[in-house]
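To start, the structure itself, in structure tokens.
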Amino acid sequence: MANHKQIAVVGGGLVGKATAVAAASAGFSTIHVAPRTPLDRRTSALMGPSVTYMIDAGLIGDPETLGVPLSRIRIIDATERLLRAPETVFNAAEFGHRAFGWNFANARLGESFSQAGATRDNLELRAASLGTARRLDESWQLELDDGTALTADLLVGADGKGSSVRKAADIGVRERNFEQAAMVCDLELGRGLDGESVEFHYPNGPFTLVPAGEKRANLVWIDALEVLEDARRDAERLASLLNEKSRHLFGVIKVVTPSFVFPLSMLSVEVAGRDAAVLVGESAHAFPPIGAQGLNLGLRDVASLNACLNAANPGSYGWADAVSRSYAAARRSDLTRTGAFVDGLFTSLLSPHLPAQALRSAGLWGLKTVPGLRKHAISFGMGQ
Ligand SMILES: Cc1cc2nc3c(=O)[nH]c(=O)nc-3n(C[C@H](O)[C@H](O)[C@H](O)COP(=O)(O)OP(=O)(O)OC[C@H]3O[C@@H](n4cnc5c(N)ncnc54)[C@H](O)[C@@H]3O)c2cc1C
């Protein structure tokens, strides 16, 4: 059949682009259904294993040319609570690493992933949205909003939180929306961060400055939506709030790009794949940007799908269904563990209850003073 592909990847975010490259590199005829979208202004802290995957998969070259190394992480309890946590610093050198990872602008990563895709002859890019998807006679029948109809053996949903692929595959989802949102923008500091990511933990959420080279920093500020909307109404007021919230530790802070606000939610799925459909990235999991886990987990989805595709026998009957089942089994524990980790971090920070605050405080004391615990936490946070 002319309009048939072995794999259709839906969604042109970073995870969709990485998946399309992985599918084509594994030798499958692939279509990438990716509508044009506004520039992604976020940045992502990606840990060592994610960076290694991107290099090995040919998605990026030398990370030094694209991103900024993250060599230290400092956590400052900025709550006025009775039970406060100690200031804690993690230094990559202490764990034998030059850096925990790199901070990348999503737009630059996207460009690099697209360039990698353009070199794969068996990868067709279609700037359209998925309209409908139905499973019939062992294949997925797809209609795109540009009028194209096609079939595919394996359908990959990389189409974000509201995933149409997830709905078509009838995969159950649990979602919780938060009152908090995240503001991002770029800052010029009076004094550079020198590779250190600094997280101030406020009762409404973390306020994080991530090094972006020289005196630049990327802000990720989580707070109640109305607080953020109010703060960004007036540029001068925003700058003054940022100086205050960073406790004037970095000299005078200037806001150098427009700010963007992202609503936050927690999302998990009953299963990450079945019936020849698989979910990667935020179609399968989403959480607040705390502990830099989202895209790291998404890239682990891609690596795992890549392994399943390399082990598949595309000549055999039902190969795509077998891939969806092996992928779902391979992803189950990582998705559950990471979701629980981020939920625990976020909920304990926001909790007004003393027992939860005591537990968090004790946890951070442990991380500050017990070497084994520090090492374990860092390995976990890095996705190792
Ligand atoms: C403020 C903030 C900071 C963050 N910082 C970090 C960090 O430091 N480290 C980290 O690891 N993670 C971080 N994350 C998380 C990370 O950004 C996400 O996990 C990642 O971008 C998700 O990528 P994705 O491709 O799965 O989803 P998306 O980027 O949402 O892409 C989904 C795509 O699917 C497309 N789509 C939707 N419907 C259809 C359809 N019907 N047909 C075709 N296409 C469709 C959309 O247009 C979109 O392009 C952060 C998140 C936020 C909000």
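Taking only the range 67-96 into account, find how many residues are assigned to a loop (DSSP other than H, G, I, E, B) and modelled with pLDDT of 90 or more.
Going through the range 67-96, the residues assigned to a loop (DSSP other than H, G, I, E, B) turn out to be 71, 78-87, 96.
In the following step, the residues that additionally are modelled with pLDDT of 90 or more were identified as 71.
Final tally of qualifying residues: 1.
Output yes when any residue across the range 141-148 is more than 26 Å from residue 59 (Cβ to Cβ) and either outside the structural domain of residue 54 (by TED's automatic domain parsing) or surrounded by 20 or more Cβ atoms within 10 Å (Cβ to Cβ) (or both), and no when none is.
No, that holds for no residue.
Scan the range 260-288 residue by residue and report those that are out of contact with any Ser or Thr (no Cβ under 7 Å at 6 or more places or on another chain) and crowded, with 18+ Cβ neighbours inside 10 Å.
Filtering the range 260-288 for residues out of contact with any Ser or Thr (no Cβ under 7 Å at 6 or more places or on another chain) gives 260-272, 281-282, 284, 287-288.
Within the range 260-288, 264, 266, 267, 268, 269, 271, 272, 281, 282, 284, 287, 288 meet the criteria.
Let's see how each residue does on (1) under 26 Å from residue 206 (Cβ atoms); (2) surrounded by fewer than 20 Cβ atoms within 10 Å (Cβ to Cβ):
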{"position": "296", "(1), (2)": "yes, no"}
{"position": "311", "(1), (2)": "no, yes"}
{"position": "332", "(1), (2)": "no, yes"}
{"position": "336", "(1), (2)": "yes, yes"}
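Sort out which residues of the range 268-297 are near the ligand (Cβ under 7 Å from one of its atoms) and at positive phi, and write them in order of number.
281, 292
Of these, 107, 99, 20, 45, which one is in contact with a helix residue (DSSP H, G or I) (Cβ under 6 Å, 6 or more places away or on another chain) and either over 22 Å from residue 305 (Cβ atoms) or not in a helix (DSSP H, G or I) (or both)?
Only one candidate passes the filter, namely 99.
How many residues does the range 263-295 contain that are among the aromatic types (Phe, Trp, Tyr) and in a strand (DSSP E or B)?
0
Would you call residue 216 more than 9 Å from the ligand (Cβ to nearest atom) and in contact with a Ser or Thr (Cβ under 8 Å, 6 or more places away or on another chain)?
Taking the combined requirement at face value, the residue does not satisfy it.
Among all residue pairs at least 6 apart or on different chains, which show Cβ distances below 6 Å where the first residue, located in the range 293-308, is among the polar types (S, T, N, Q) and the second is more than 10 Å from the ligand (Cβ to nearest atom)?
293/338; 293/342; 304/330; 304/331; 306/22
Kindly check whether there is at least one residue in the range 184-197 that is of a type in the set (Gly, Ala, Ser), more than 16 Å from the ligand (Cβ to nearest atom), surrounded by fewer than 23 Cβ atoms within 10 Å (Cβ to Cβ) and under 24 Å from residue 104 (Cβ atoms).
Filtering the range 184-197 down to residues of a type in the set (Gly, Ala, Ser) leaves 190, 192, 195, 197.
Checking which are more than 16 Å from the ligand (Cβ to nearest atom) leaves us with 190, 192.
Applying the additional criterion that residues be surrounded by fewer than 23 Cβ atoms within 10 Å (Cβ to Cβ) yields 190, 192.
Now narrow it down to the ones that are under 24 Å from residue 104 (Cβ atoms): 192.
Within the range 184-197, one or more residues are of a type in the set (Gly, Ala, Ser), more than 16 Å from the ligand (Cβ to nearest atom), surrounded by fewer than 23 Cβ atoms within 10 Å (Cβ to Cβ) and under 24 Å from residue 104 (Cβ atoms).
Consider residue 34 against the criteria (1) in the same structural domain as residue 298 (by TED's automatic domain parsing); (2) of a type outside the set (Val, Ile, Thr); (3) over 26 Å from residue 7 (Cα atoms); (4) within 12 Å of the ligand (Cβ to nearest atom): it satisfies all of them except one. Which criterion is unmet?
Failing condition for residue 34: (3).
Restricting attention to the range 179-199, report how many residues are more than 15 Å from residue 72 (Cβ to Cβ) and touching a strand residue (DSSP E or B) at 6+ places or on another chain (Cβ under 8 Å).
11
Hey, does the range 52-66 have a residue that's within 10 Å of the ligand (Cβ to nearest atom), surrounded by 18 or more Cβ atoms within 10 Å (Cβ to Cβ) and part of a helix (DSSP H, G or I)? Show your work before the answer.
Start the filter on the range 52-66 by keeping residues that are within 10 Å of the ligand (Cβ to nearest atom), which leaves none.
Looking for residues that are within 10 Å of the ligand (Cβ to nearest atom), surrounded by 18 or more Cβ atoms within 10 Å (Cβ to Cβ) and part of a helix (DSSP H, G or I), one finds none in the range 52-66, hence no.
For the range 91-107, what are the residues that are more than 19 Å from residue 193 (Cβ to Cβ) and within 16 Å of the ligand (Cβ to nearest atom)?
Matches in the range 91-107: 106, 107.
The values are calculated or read from the model by the stated rules, or taken from the named source; none is laboratory data. This structure is a prediction, so every number in the text was calculated from the model and none was measured. So basically every Cβ, Gly included, is an ideal-geometry build from the backbone, and we count neighbours across all protein chains shown.
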